[in-house]
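Undergrad: Encoded as structure tokens, here's the structure I'll be asking about.
The values are calculated or read from the model by the stated rules, or taken from the named source; none is laboratory data. Small disclaimer: the values here were computed from a predicted structure and weren't measured. Positions of Cβ are backbone-derived with ideal geometry, glycine not excepted, and every protein chain shown enters the neighbour counts. The accessibility values were calculated without ligands, DNA or RNA, using every heavy atom of the protein model including side chains. Shrake-Rupley method; radii C 1.70, N 1.55, O 1.52, S 1.80 Å.
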Amino acid sequence: TLKHLRRFSTIKSIAIYDTLTDIYNRRYFEEKLEIEAGKSFYSGSPLSIVMVDIDHFKKINDTFGHTEGDKILCGIAALLKRSVRKEDTVARYGGEEFILILPEAGLERCCMIAERIRRLVEGTSFEVGSAQINLTISLGISHFPTHQTRSKEELVKMADQALYQAKRGGRNRVCIFHPSQDKEI
């Protein structure tokens, strides 16, 4: 029975955690967002989504190799986990993208958290092989009720569009979704 309990615990862990970065995976993020969005849409309480992308990550993999790139992903994930509140969710969204769910976080508070994370990453030296490098990240924010959506999918799409606005605007910045960015919603 102890053996079965350990096996179940391992399977549960694999089901909700990204095995590389030891943060939540996209599947868990989707389930958690369903719950948090439902609560927010029902009660009108704030909910913020922050999408994070490592700037020029392909160049890191191409220059130093994927093993070193994986170390960078783990380092960024650890910084993200340490930079948010206990009630927040940090997940790997895919590749070098991460996503945060910040329940009960107003837009101003969310922006403060995102900017703090951006500055923290920018000021951190990462060991890559025998070199020390500095990286930057771009972040996109969407917020309920500010962005007046009733769909968790739209909230994610808005954060993604804000992220791409940050990338187009020169990277290493935080952008908030603005309806003028709305091309597909």
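Undergrad: Consider Ser45 carefully, then state whether it is modelled with pLDDT of 95 or more, assigned to a loop (DSSP other than H, G, I, E, B) and of a type in the set (Gly, Ala, Ser).
TA: yes
Undergrad: Here's something else I'd like to know. For residues that are in contact with a Leu (Cβ under 7 Å, 6 or more places away or on another chain) and over 16 Å from Ala162 (Cβ atoms), scanning just the range 111-149, find the one that is most open to solvent (accessible area, probe 1.4 Å).
TA: Leu120
Undergrad: Take the range 36-91 and flag every residue that is among the polar types (S, T, N, Q) and open to solvent by 30 Å² or more (accessible area, probe 1.4 Å). Show your work before the answer.
TA: Of the range 36-91, the ones among the polar types (S, T, N, Q) are 40, 43, 45, 48, 61, 63, 67, 83, 89.
The answer is Ser43, Thr63, Thr67.
Undergrad: Restricting attention to the range 1-26, which residues are basic (Lys, Arg) and either at pLDDT 95 or above or crowded, with 19+ Cβ neighbours inside 10 Å (or both)? Steps first, please.
TA: Step one: list which residues in the range 1-26 are basic (Lys, Arg), which gives 3, 6-7, 12, 26.
If the condition is that a residue be basic (Lys, Arg) and either at pLDDT 95 or above or crowded, with 19+ Cβ neighbours inside 10 Å (or both), then Arg26 is the only one that fits.
Undergrad: Residues in the range 111-119: is at least one touching a residue at least 40 places away in the same chain (Cβ under 8 Å), farther than 18 Å from Glu34 by Cβ and among the basic types (Lys, Arg)? Show your work before the answer.
TA: Residues of the range 111-119 touching a residue at least 40 places away in the same chain (Cβ under 8 Å): 111, 113-115, 117-118.
Restricting the remaining residues to those that are farther than 18 Å from Glu34 by Cβ gives 111, 113-115, 117-118.
The next check asks that each one be among the basic types (Lys, Arg); those that pass are 118.
So far as the range 111-119 goes, yes, one or more of its residues are touching a residue at least 40 places away in the same chain (Cβ under 8 Å), farther than 18 Å from Glu34 by Cβ and among the basic types (Lys, Arg).
Undergrad: Determine the pairs where a residue that is closer than 10 Å to Glu104 by Cα, located within the range 28-51, has a partner that is acidic (Asp, Glu) with Cβ atoms under 7 Å apart, the partner being 6 or more residues away or on another chain.
TA: The qualifying pairs are Ser45/Glu104; Pro46/Glu104; Leu47/Glu36.
Undergrad: Hey, another quick one. As an exercise: evaluate Leu107 against (1) open to solvent by less than 40 Å² (accessible area, probe 1.4 Å); (2) under 22 Å from Pro46 (Cβ atoms); (3) of a type in the set (A, V, I, L, M, F, W, C) and give the number of the one condition it does not meet.
TA: (1)
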